[in-house]
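Visitor: First the structure, which I've put down as structure tokens, then a few questions once you've had a look.
The values are calculated or read from the model by the stated rules, or taken from the named source; none is laboratory data. Just so it is clear, the model here is predicted, and its values are computed rather than measured. Here Cβ is always computed from backbone atoms with ideal geometry, including for glycine, and neighbour counts include all displayed protein chains.
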Amino acid sequence: VSCEHLICAHCSGPVAEGRCQMCRAARADLHSHGSSWSLPTAVVLAALLTLLVALALHLHL
Ligand SMILES: [Zn+2]
């Protein structure tokens, strides 16, 4: 996905140039399509915590 041809509604400049905060936010939003980062942080932390507890129980039993 490219944002080269998008024009910012805030500064009327190309979003790709990132002239204002709106541009940079839109550009960052367009380029953050990584599926590995779409999980909510809380879910990831809960999973890690569960894993640690399971490991601790396993080691102590
Ligand atoms: Zn802008």
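Visitor: Would you pick out the residues in segment 13-34 that are more than 9 Å from the ligand (Cβ to nearest atom) and in a loop (DSSP other than H, G, I, E, B)?
Guide: Those that are more than 9 Å from the ligand (Cβ to nearest atom) and in a loop (DSSP other than H, G, I, E, B): 31, 32, 33, 34.
Visitor: Quick check on segment 37-52. Is at least one of its residues at pLDDT 90 or above and among the hydroxyl-bearing types (Ser, Thr, Tyr)?
Guide: Yes, there is a match, as at least one residue in segment 37-52 is at pLDDT 90 or above and among the hydroxyl-bearing types (Ser, Thr, Tyr).
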